[in-house]
Amino acid sequence: MAIRSIIVNIDIDNFSPPLIASAVALAQRHNAKLIAVAAAGAPVAMAGIDGQAAASIYTIELTDVEARLRELEGKYRALIPAGMAVDWRAWVETPARCLATMASAADLILVAAAAKRPSSFLRSVDIGELVLSSGRPVLIVKPDTGPIIADRILIGWKNTREARRAIADALPFLATASAVQVASISEGEPDVEQSSLDDALAWLAAHGVKAEGKLHPSSHSPAETILSLAQAFGADLIVTGAYGHSRVREWLLGGMTHDLIGESTINRLISN
C-alpha cells in the first residue's frame, strides 16, 4: 500500500513545530497530501451550577476553543513549504473521536507521544482509543523527534490478525529500510512459533523486504523484551499489532500494547 495521505494530530494545548516538520518531510518523501486535524471537546455541564450560569460558562469556553483552533491554523500553515498540498480540519469534538472519523481520508495517522500525562480526554488524544477505533496505522512519534527516517525497523511478530495487519501497513517503510529484524517472543510452542516466523519472513521477502528473524525466550514482559531488542538493534522504528477490544466508554488494551503506547524513546507504528 502506498502512502498518499497523512493525518497529523495537532494538540490544542501542545502545538509542536518539530512534529509538523516531521510530518511535512514524511509527506514529501511519499508524495502524500498532509491533513492537519485539531480538535477539542466541548466543555461539559458542571454539577451544582444553574442552567443560566452553565450556559454562560459553556459559551465562554467554547469561544476560547474556537479561537484557539483558528490560532493554531495560522501557526500550522506558517510552517508549510510553499506549494505543498495540505489541508486543515478543526472540530469541536474529542480528539480521538475526531481523528477516527477523519481516518477514512488517510493512509496513516501521526500523533506525538505524550511527554506528560494528558490533561483531559476532551483536549488530548487518547492514543489507545485511536489505535483501536481508527482502522488505520498510527505512527506514534517520540516527543523530541527529528525526521522520521525508519531506516532500521524492528517488527514485533505474533501470528495474529493485528500483527499481520501491522506488517502490511508498514510495507512503505519496510521497503526502504536498510535493515529489518523480526522478533517473535516465545509463549511455549517453539515449533509452531518458528514456523509462523518463517512464514512472515517469506511473506516479507515476497514483497521485496529482506529481513532477519529470531524466536526469543520470554524473560521479561513482552514490551520490555521488544524495547530491549530494538535498542540492541539500533532501531529507529518499532512495528507491532495492537491487542485489545472496546466496551461502551472503555478501551481495554493488552499489556504489551499499553506499555508500548506509553513509551516515549522510539517511534512506533501500531495497527489494529
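The table below gives the values:
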{"item": "Mean separation of Cα contacts under 8 Å, 6 or more apart, over the residue count of the range 5-141: relative contact order %", "result": "34 percent"}
{"item": "Test item: Cα-centred dipole of the range 5-141, Lys/Arg +1 and Asp/Glu -1 on Cβ, debye", "result": "460 debye"}
{"item": "The chain, relative contact order in percent, only Cα pairs under 8 angstrom and at least six apart counted", "result": "21 percent"}
{"item": "The range 176-220-the range 5-36 distance, computed between alpha-carbon centres (Å)", "result": "31 Å"}
{"item": "Loop trypsin sites (Lys or Arg not before Pro), the range 96-194, which have at most 10 other Cβ atoms in a 10 Å radius of their Cβ (DSSP)", "result": "Lys116"}
{"item": "Helical mean residue ellipticity (222 nm; -39500 (n - 2.57) per DSSP H run of 4+; nearest 500) of the chain", "result": "-12000 deg cm²/dmol"}
{"item": "For the chain: lysine pairs under 26 Å (alpha-carbon distance), excluding those fewer than 8 apart on one chain", "result": "8"}
{"item": "Fluctuation leader among Leu108, Leu26, Leu174 - the chain, Gaussian network, Cα springs under 10 angstrom", "result": "Leu26"}
{"item": "Rounded to 5, the percent of DSSP beta bridges in the chain classed as antiparallel", "result": "15 percent"}
{"item": "At 1.567 mPa s and 4 °C, Stokes D of the chain from Kirkwood alpha-carbon radius, µm² per second", "result": "66 µm²/s"}
{"item": "Dipole magnitude of the chain, debye to nearest 20 (Cβ charges: Lys/Arg +1, Asp/Glu -1, about Cα centre)", "result": "600 debye"}
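None of the figures in this text is laboratory data; all of them are computed from the coordinates on show. None of the values given here were measured: they were computed from a predicted structure. Note that we place each Cβ from the backbone using ideal geometry, even for glycine, and neighbour counts take in every protein chain shown.
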